[in-house]
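None of the figures in this text is laboratory data; all of them are computed from the coordinates on show. Please read these numbers as outputs of a predicted model, since none were measured by experiment. Glycine gets a Cβ as well: all are built from the backbone with ideal geometry, and neighbour counts include every protein chain shown.
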Amino acid sequence: MFEDYLEDAHYFCLTARALIGEREKKRYYRASVFCGISSMEAFINYIGDTFAEGNVFEPYEIALLNDMKFAHDKGKFKILGQIEYHRLEDKLRFLICKFVPKFNFNEEVAWSRFIEFKKFRDAIMHPRQDEDTIKVAEYERKIKIGFSSTIKIMDYLCKGIFKKPLRKKLIDLTL
């Protein structure tokens, strides 16, 4: 599903660029942003589901990735079987630390740009104003850097976890 969302984000951005009216452009740019971040969420869910079936991770690690509540009970972690949502950034940090040990969060531009992209998505998903005052150029800039950083982080994780890069057709999606 994450591949579909990446392709959708790409499509919506390219469509927005081709439109004339500001309102129409913003409509497609918002869809592009939502799909772009959703692609990463779906990617993490895919990894979590894959590892849940393989019994490779500790139960609390699976719980973190799959949004399950867990607790410490008598020296052991126990999954409680309840949903408890965990931040996307926390899941990503966990996976990157585990599988891409040389990744430097303070120096890797893709990481800071992805976090900026997610904050942008959060701001338009949960608006504090009655009207969209974001300029079309700002949408274009945010989606361009956010989309490429999303793909780059996915590629790092694919190389670290699966020992092969993200599919070429996804890496080749550029804005």
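Quick one: the Cα spread of the stretch 110-156 along its three principal axes, in angstroms, biggest first?
Result for the stretch 110-156: principal-axis Cα extents of 39, 20, 12 Å.
For the stretch 1-110, what is the relative contact order in percent, using Cα pairs closer than 8 Å and at least 6 residues apart in sequence?
18 percent
Within the chain, what's the longest stretch lacking GluC sites (Glu not before Pro) that sit in DSSP loops with no more than 10 other Cβ atoms inside 10 Å?
Values: sites that count: Glu107, Glu131.
Value returned for the longest uninterrupted segment is 1-106.
In whole Hz and in residue order, list the ³J(HN,Hα) couplings for the stretch 162-169 that follow from phi through the Karplus curve 6.51 cos²θ - 1.76 cosθ + 1.60, θ = phi - 60°; x for Gly and Pro.
9, 6, 8, x, 4, 3, 4, 4
Calculated from DSSP H runs of 4 or more alone, at -39500 (n - 2.57) each and per residue, what is the 222 nm mean residue ellipticity of the chain, nearest 500?
Mean residue ellipticity at 222 nm (helix-derived): -22000 deg cm²/dmol.
Would you please classify the overall shape of the stretch 62-104 from the alpha carbon gyration tensor, given that a ≥ b ≥ c denote the square roots of the eigenvalues, rounded means a/c under 1.5, and beyond that prolate means a/b larger than b/c while oblate covers the rest? Let's see the in-between values first.
Details: a/c = 3.59, a/b = 1.76, b/c = 2.03.
It is oblate, given that a/c is not under 1.5 and a/b is not larger than b/c.
Counting other Cβ atoms within 10 Å of each Cβ, which trypsin sites (Lys or Arg not before Pro) in the stretch 1-50 have at most 12 and sit in a DSSP loop?
Sparse-neighbourhood loop trypsin sites (Lys or Arg not before Pro): none present.
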